[in-house]
Amino acid sequence: LYRFPLLPVRGIPLMNHIANSWDTIWAFRPDPSDILIATYPKAGTTWTQEIVDLLLHNGDADACKRAPTPARSPFLEIVSPPPIPSGIDLMKNMDPPRIIKTHLPFQLVPPAFWENKCKTIYVARNAKDNMVSYYHFDCMNKTQPEPGPWEGYISKFMRGELAWGSWYDHVKGYWKEREKRNILYLFYEDMKENPRREVERIMKYLDLSLSDEVISRIVELTSFEIMKENPMANYSCIPTHVFDNSVSPFMRKGQVGDWRNHFTPEQSKMFAEDYDKKMKEVNIPFRTLI
Ligand code: A3P
């Protein structure tokens, strides 16, 4: 239905409706109080959006029930078409601070975010689990190109031929800028290991100070099990001809290490050799690769 080929914007393959609205996206001007959540797709975006929304509302779940996630926390680069509401349109009717989501690589983030010194949280997930999650998402998401067979998907991932481009360049791009731009750089694996520690880290970064009880509530409300059943967070608002949850649910497994169920030993070895070449210039402390 919507599975159009990707179109490049400054060398990055994007969904064609995003590429066609590029000038509008690039010219977007956030409020200085807006908070940007940036990720490569499937790294833990929705989870972080929920945590930040609860932090801003002192753990009040009712405040987060006012709308489902894409409407409550706009997706910057979706300008058209339906069914995911246009982020830029939504923001016109929202009071700052807004929680803005983007999958754009660092160099494509509208420059006004940096001019306005917006708080920015980047979430990175280890490459193999990120790819597995993206593969299942591309199977169920009819707005992105067909993933094709798993074997070929690995090659596409390694060549950066998926929507939003190369995972390697994405995680490196934000990593290199994190100090200059005051970006809070988080890891999905850390969030799984100790969600409370990471919620507190986000709270401090946002200059908030909530009670221990409220923090505990936020940790509970943002657990995988609760978010999976929460219609305001689990994307069940998107019609099934767009997100087909019967193919794979949006809230799929929420685990670290699911790549072991997908990669053969040969694929793992080939992937690791290529990974080392691409990642050797930086020392980003990813875990669970072996
Ligand atoms: P899996 O496909 O591995 O299950 P994004 O929000 O960036 O699209 O990322 C989606 C991935 O994050 C999915 O991974 C989803 O299950 C997982 N996820 C969403 N909410 C989560 C939570 N509260 N805890 C752990 N994982 C979560």
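Residue-by-condition table, conditions (1) among the charged types (D, E, K, R); (2) closer than 28 Å to Ser268 by Cα; (3) crowded, with 19+ Cβ neighbours inside 10 Å:
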site	(1), (2), (3)
Tyr122	no, yes, yes
Glu161	yes, yes, no
Trp164	no, yes, yes
Tyr185	no, yes, no
Tyr188	no, yes, yes
Glu193	yes, yes, no
Lys204	yes, no, no
Original post:
Only one of Val242, Val219, Val214 is modelled with pLDDT under 95 and hydrophobic (A, V, I, L, M, F, W, C); which?
Top reply: Val242
Subject >> Wholly enclosed helices (runs of 4 or more DSSP H) of the range 15-110 bearing at least 1 residues crowded, with 22+ Cβ neighbours inside 10 Å and hydroxyl-bearing (Ser, Thr, Tyr) >> reply: 45-56, 69-72
Subject >> Residues of the range 206-221 that turn out to be open to solvent by 70 Å² or more (accessible area, probe 1.4 Å), more than 11 Å from the ligand (Cβ to nearest atom) and at negative phi, as a count >> reply: 4
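Could you check the range 244-275 and list, in sequence order, the residues that are hydrophobic (A, V, I, L, M, F, W, C), in contact with a helix residue (DSSP H, G or I) (Cβ under 6 Å, 6 or more places away or on another chain) and over 17 Å from Gly44 (Cβ atoms)?
Within the range 244-275, the subset hydrophobic (A, V, I, L, M, F, W, C) is 247, 250-251, 256, 259, 263, 270-272.
Still in the list and also in contact with a helix residue (DSSP H, G or I) (Cβ under 6 Å, 6 or more places away or on another chain): 247, 251, 256, 259.
If the condition is that a residue be hydrophobic (A, V, I, L, M, F, W, C), in contact with a helix residue (DSSP H, G or I) (Cβ under 6 Å, 6 or more places away or on another chain) and over 17 Å from Gly44 (Cβ atoms), then Val247 is the only one that fits.
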Original post:
Got at least one residue in the range 272-287 being out of contact with any Leu (no Cβ under 7 Å at 6 or more places or on another chain) and within 16 Å of the ligand (Cβ to nearest atom)?
Top reply: yes
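Among the residues of the range 222-261 satisfying the criterion of being outside any loop (DSSP other than H, G, I, E, B) and buried (at least 18 other Cβ atoms within 10 Å of the Cβ), which is nearest to the ligand (Cβ to nearest atom)? Spell out the reasoning first.
Applying the first criterion (outside any loop (DSSP other than H, G, I, E, B)) to the range 222-261 yields 224-229, 243, 258-261.
Of the ones still in play, those that are also buried (at least 18 other Cβ atoms within 10 Å of the Cβ) are 227, 243, 259.
Details: Met227: 4, Phe243: 11, Trp259: 9 Å.
Among them, the one singled out is Met227.
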Subject >> Among the residues listed as Lys101, Lys92, the single one being basic (Lys, Arg) and within 23 Å of Val171 (Cβ to Cβ) >> reply: Lys101
Original post:
Is there a residue being of a type in the set (A, V, I, L, M), assigned to a loop (DSSP other than H, G, I, E, B) and under 24 Å from Lys280 (Cβ atoms) anywhere in the range 174-183?
Top reply: no
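The values are calculated or read from the model by the stated rules, or taken from the named source; none is laboratory data. Because the structure is predicted, anything quoted here is derived from the model rather than measured. FYI the Cβ positions are ideal-geometry reconstructions off the backbone, even for glycines, and counts take in every protein chain you see. The area values use the complete protein model at the heavy-atom level, side chains included, leaving out ligands, DNA and RNA. Shrake-Rupley method; radii C 1.70, N 1.55, O 1.52, S 1.80 Å.
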